[in-house]
Amino acid sequence: MKKIIGALLGVVFASQVLAVTAITGKLIALDAGHGGGEWGAVNEKYGVKEKDVNLAVVYALRDKLTADGATVVLTREGNETIDSRKSRVDIAIEKCQLAAGRKCDVLVSVHHNGNPDPAHDGTLVVYNEKKDVSLARALHDSLISRLGLDDEGYLHGGYGMTVYGNLVSALTEAYYITNDQEAEIYLAGTRTPQEVEALYGGILKYFEAKTSKGRR
């Protein structure tokens, strides 16, 4: 019996070791863009609001990152209005301090783009400072690879998410929610899991690269 218990404990221990990734132990802030009376982009045909899509993605991404051993904080947890990008960063900083007593490792702001043309689609990632480029590139490459949409680049956009609090951050526009086909895929429940896998993959790639550099 002791041998059996020992073997089972060994299997459990081995599975825990295998579960450790470059994300394990990281402190990640997720920002669901818009909220409250600020709807963001809206798909006119289906009435899908960007603020709701953003939050759905953030919830699912939080669960996946947490299962991988990360500590995750959300700037927006419901339909509240946050008055500025600076306030979003301030909330992230405060919540990271409360959760772990230190600065966030990264902040990812989740958005979905809008365009008057309901057929227009594509993927864009925005960064603000040089230190954000590697995160933006990792997120961009993963989204492009997994979603397969037109590549609108990872661009310096001056959105201001990164300049406040000196956090490494990027803003993602995975697709255009004003695109009718995208709205249909979202409502069918298949787009959000695809996007979450892509965002997770980008975050993992970012931390793997940092870990690799640290070993040199």
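Read the figures in this text as sums done on the coordinates, not as results from a lab. A quick note: this is a predicted structure, and the numbers were derived from the prediction, not measured. No Cβ is skipped: glycine too gets one built from the backbone with ideal geometry, and neighbour counts run over all protein chains shown.
Check whether at least one residue in region 110-119 is of a type in the set (A, V, I, L, M, F, W, C), over 13 Å from S169 (Cα atoms) and in a helix (DSSP H, G or I), and report yes or no. No - not one qualifying residue is present in region 110-119. For R76, the criteria (1) under 23 Å from Y176 (Cα atoms); (2) assigned to a helix (DSSP H, G or I) hold in every case but one, which is (2).
Take the conditions closer than 19 Å to K26 by Cβ and in contact (Cβ under 8 Å) with a residue 40 or more places away in the chain and apply them to A100. Does it pass? Criteria met by A100. In the condition set (1) in contact (Cβ under 8 Å) with a residue 60 or more places away in the chain; (2) buried (at least 17 other Cβ atoms within 10 Å of the Cβ); (3) closer than 16 Å to T123 by Cβ, Q181 is compliant with all but (2). The sole residue among L171, L167, L155 that is crowded, with 18+ Cβ neighbours inside 10 Å, part of a strand (DSSP E or B) and in contact (Cβ under 8 Å) with a residue 24 or more places away in the chain is L171. The listed residues are A92, A138, A99, and the only one of them that is of a type in the set (A, V, I, L, M, F, W, C) and exposed (fewer than 15 other Cβ atoms within 10 Å of the Cβ) turns out to be A99. Looking at region 65-92, I want the residues that are on the phi > 0 side of the Ramachandran plot and have a partner that is surrounded by fewer than 21 Cβ atoms within 10 Å (Cβ to Cβ) with Cβ atoms under 9 Å, at least 6 apart or on another chain. Which pairs are those? Matching pairs, first to second residue: G69/A19; G69/V20; G69/T21; G69/T24; G69/G25. Checking region 130-149 against the condition returns a match, with at least one residue being under 22 Å from N179 (Cα atoms), in contact (Cβ under 8 Å) with a residue 24 or more places away in the chain and not in a helix (DSSP H, G or I). Based on this model, can you work out whether L107 counts as in a strand (DSSP E or B), of a type outside the set (G, A, S) and touching a helix residue (DSSP H, G or I) at 6+ places or on another chain (Cβ under 9 Å)? Criteria met by L107.
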